[in-house]
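Remarks on the structure that follows.
Bear in mind these aren't lab numbers, they're just calculated from the coordinates by the rules spelled out. Just so it is clear, the model here is predicted, and its values are computed rather than measured. With ideal geometry, Cβ positions are generated from the backbone for all residues, glycine too; neighbour counts draw on all protein chains shown.
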């Protein structure tokens, strides 16, 4: 290929893909973040990145899977950045005698504000209690119904790792439900 | 199959991600072991609950806001036409360097351990003594000219 042969991606095609897929992509984002506003921000960032690199999309593959992969990468990046910021503030805050410690109060987090008693809410809280890699693997397998191979492709890891994350993730979720809702989900007890 | 083996693979079994032979072994164990059968039921129950979670809807007008954000980006990028060429050029240079390095390593004479030989000039005096502090022998090399 020479420079004159380079194809410019079609914005109209991207828009039609986006309109067809955004609800599904938003669903995954909400399961991962637990907050509607965070999920919308995440989805928007993912679509903007997808638009910029639309020339890399292979139309022979499902657009939603490509979007899931982009969204997943952004979500993991955000989580890593957040954990770095938190570690640095814990190390450095307070040395000058004026800095205010900004440590999240886990017990008063938004998860406690969600109405309890509904099965969906209980499951969503359980998902949020898991570490992000386990949560992502469980959501892709059980909520999105994907095969291990597809999940490995999206998470850019091996099938063995996916297998282990799903196994351990479900165990964590069952323990959470058993601890927080004892007797409510009798079949889910560990 | 024992209970430990069953429980390690119960997630894969519920997801139908095992081979046919393993699926049969799991099925057979499940028939004989009530505890493992209950474990499988719990796994499937959790999977069903997760699969039946309601699909959440984004807030009103989200689709339009998304379109506006995309339109604000302007035209999507086009693939740099030089990219495949650049990749090929990098690969060619790396390959050439590797071949060159291999050829040079074949041409080079085998290294000689320096400690095996000591060259002395014809006008040098070599004197061997014993270290007075109890060490090994000391060889002193000095110029032959006074």
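Averaged over the residues of peptide A:147-154, the number of Cβ atoms from other protein chains lying within 10 Å of each residue's Cβ is 1. Mean partner shielding of peptide B:8-19, defined as the number of other chain Cβ atoms within 10 Å of each residue Cβ, is 4.
Across peptide A:33-41, the average count of Cβ atoms from other chains found within 10 Å of a residue's Cβ is 2. For the pair residue A:58 and residue B:65, a Förster radius of 30 Å applied to the C-beta separation gives a FRET efficiency near 0.60, rounded to the nearest 0.05. Averaging Cα coordinates gives a centre for region B:51-70 and one for region A:8-64; these two points are 11 Å apart. Of A:151, A:48, B:70, the sequence from fewest to most neighbouring Cβ atoms within 10 angstrom is A:48, B:70, A:151. Indicate the gyration tensor shape class of region B:1-70 (rounded, prolate or oblate), computed on the Cα atoms with a ≥ b ≥ c the square roots of the eigenvalues: a/c under 1.5 is rounded; otherwise a/b larger than b/c is prolate and the rest oblate. Here region B:1-70 falls in the prolate category. Once both labels are positioned 7 Å from their Cα atoms along Cα-to-Cβ, the gap between residue B:55 and residue A:20 label points is 1.4 nm.
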